[in-house]
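Here the structure comes first, spelled out in structure tokens, and everything after it is commentary.
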Amino acid sequence: MNITTQLTLAIAAAFAAGSASAADDTFINPDWANSAWYVGGSLGQSRAAIDDKRLARSLTASGAALTSFTTDERELGYKLLVGKQLNQYFALEAGFFDLGKFGFAATTSRNGNLRGEAGFRGVNLDLVGQLPLTQRLSLLGRVGAQYARTTTHFSGNVLTGVTSPNAKENKTNAKAGLGLEYKLSEALALRGEVERYRISDAVGNRGDVDLLSLSLVYKLGRPAARPYVAPAPVVMADAPVAEVAPAPAPAPQPVSEKVSFAAEALFDFDKAVVKPDGKVALDAMLAKLEGMNTEVMIAVGHTDSVGSDDYNAKLSLRRADAVKAYLVSKGLEPARLYTEGKGEAQPVADNGTAAGRAKNRRVNIEIVGTRTSSR
């Protein structure tokens, strides 16, 4: 039961569908991947190869000629699954599957006929590996074991070589799969997979049944959104005022201030355009700088470790440039503003945890200048 060509085409189609979906701009929480439990369901087409040569030899052993032979090798298959995310890259997944029923019908020159049908269903336990390609798209690979029950039924007036017209077989075999997962939202993901089940039927044969399917996967216990907390204002005491004469104006004092913004407070997912809430946060920062003569301002973007180094470096720089563009639109001189994109190179927390990655996604702004009044 070898359908290597079908398997290759299915994998290529799944990759093409995942790439086309990557243009979707729906906002998601990158911590979605670390929710502990998930459930899902799959629907697709299964395929098995009927051993027509062996059946033909059996039907013509008595000297009769085979006049017709038809097969039904494609069926609707489905599976239900529940999984536990072990870490960012691996999950353990259990499920129930039904690959459908496959059959054949044959006639011979001596008015002989034989019909057969075999159905496969069972349970499986897989180790699923996930390789993030972007924050939304991941490559999936799975290996595992499945315990399948095969029911076989034969009918007709030519039962040569069939020892049991109605037979059942329970057997444990291996299975494997490859596919793509695309995160539609914080809680919902779409998978396209092709899986191969090693099956033993009820008449002593072993072969493969392939299932090409689309799945919807729902994450349970997804993390709550983290509200943005603005930095505490800097309070500076007013200079004492003499009762007899006004105090002289204070000399300009060198000042260096640093402000850090969570990336989610300024930008939508995978974007480098300051959103309305981000503009409010930047306006609040500018209000605190009134009375300060800004000499130099540096905006530095940072990301977590999800995605490639090159992509993260470019995204962090685009975000720093977006912050600069907004500040220039509010009246700051472009020549005094500088930007850098550090990508994932300077983490401040552990990227192995959701909380750590959230801290690493940030934009730091450092302001150097002199202040002649406080606010």
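Derivation of every value follows stated rules applied to the coordinates shown; laboratory data play no part. All figures in this text were calculated on a predicted structure; none of them were measured in a lab. As a convention, Cβ positions derive from the backbone with ideal geometry for all residues, glycine included, and neighbour counts pool all protein chains shown.
In table form, for the structure just shown:
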read-out	value
Whichever lysines have a C-alpha closer than 28 Å to that of residue 359, once near sequence neighbours (fewer than 8 apart) are set aside	84, 183, 219, 258, 271, 275, 279, 288, 314, 324, 330, 342
In segment 62-127, the trypsin sites (Lys or Arg not before Pro) that fall in loop regions by DSSP, at most 15 other Cβ within 10 Å	110
Reach of residue 168 by Cα under 26 Å, taken over lysines that are not fewer than 8 positions away in the same chain	53, 79, 101
Approximate spin-label separation residue 139-residue 318, in nm, with each point projected 7 Å along Cα-to-Cβ	2.3 nm
Interchain or long-range residues, amide H under 5 Å from residue 133's placed H	138, 139
Fully extended contour minus Cα-Cα distance, from residue 105 to residue 348, at 0.36 nm per residue	80.7 nm
For residue 158, distant residues with modelled amide H under 5 Å away	113
Pair residue 325, residue 295: separation of 7 Å Cα→Cβ label points (nm)	3.0 nm
Which of 197, 147 has the fewest Cβ neighbours within 10 Å, and the rest in rising order	147, 197
